[in-house]
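Presented below is the structure to which this report refers.
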């Protein structure tokens, strides 16, 4: 087993060595992004899901709008508007203290689903949480969480 892991590591090292500097940077960003993710507590504010993500990434993580747009697969103009509307509603930094659940940023890049749909689907399908647990985590009504998940399933072609 240890020998197999060593062989896999060696193959990965060879693959990474064959990448350009830009490609290596992208791989590194993706690895770090998955590891860091978004603390679930940022979604408990009065902001929409997208507003919470943009404000957190810009104010707490120091990312610029172009970087956020690339990560979320969204236009810069949309994100500028989202950020400024969020700041009208909410000043200060978001509560990022609860890292009991960290949501990977990559789940929000699929524009087919709304932010809340992606979040609920991730928590339900990947983290195996119940609707009741999700509603407590996100500070939303049980019926809202269930409705959002059903909407996700319809879009996904599962229902």
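What is the ratio of the Cα radius of gyration of region 112-159 to 2.2 N^0.38 Å, with N the residue count, to two decimals?
Computed over Cα atoms of region 112-159, the ratio equals 1.01.
Where does helix 21-36 land angle-wise versus the long Cα axis of the chain, in degrees 0 to 90, nearest 10?
Its long axis makes an angle of about 50 degrees.
So what is the relative contact order for the chain, in percent, with contacts set as C-alpha pairs under 8 Å and at least six apart?
24
How would 1, 119 line up from fewest to most surrounding beta-carbon atoms within 10 angstrom?
Lowest to highest Cβ neighbour count: 1, 119.
Can you sort 65, 136 by how many other beta carbons sit within 10 Å, fewest first?
With the fewest neighbours first, 65, 136 line up as 136, 65.
Restricting things to Cα coordinates, could you compute the convex hull volume per residue of region 39-99 in Å³?
Hull volume over Cα atoms, normalised by residue count, gives 72 Å³.
For helix 76-89, report the angle its Cα long axis makes with the longest principal axis of the Cα atoms of the chain; keep it between 0 and 90° and round to the nearest 10°.
Helix 76-89 sits roughly 50 degrees off the main axis of the chain.
Could you give the length gained by full extension between residue 136 and residue 10, i.e. 0.36 nm per residue of separation minus their alpha carbon distance, to one decimal place? Working shown, then result.
Numbers: separation 126, 0.36 × 126 = 45.36 nm, distance 4.41 nm.
The residue 136-residue 10 span can extend by a further 40.9 nm.
Using alpha carbons only, how many angstrom separate the centre of region 51-67 from the centre of region 122-159?
25
Return one number: the angle in degrees, 0 to 90 and rounded to the nearest 10, between the long axis of the Cα atoms of helix 142-156 and the longest principal axis of the Cα atoms of the chain.
50
Just to be sure I understand: if I project the alpha-carbon convex hull of the chain onto a plane and average over all orientations, what area do I get in nm²?
On the way: hull surface 47.8 nm².
Hull-based average projected area comes out at 12.0 nm².
Given 0.36 nm per residue, what is the gain on full extension from residue 19 to residue 93 after removing their alpha carbon distance, in nm?
22.9 nm
By count of other Cβ within 10 Å, fewest leading, how are 42, 8 ordered?
Going from least to most buried by this count: 8, 42.
None of the figures in this text is laboratory data; all of them are computed from the coordinates on show. Remember, it's a predicted structure, so these values are computed and weren't measured experimentally. So basically every Cβ, Gly included, is an ideal-geometry build from the backbone, and we count neighbours across all protein chains shown.
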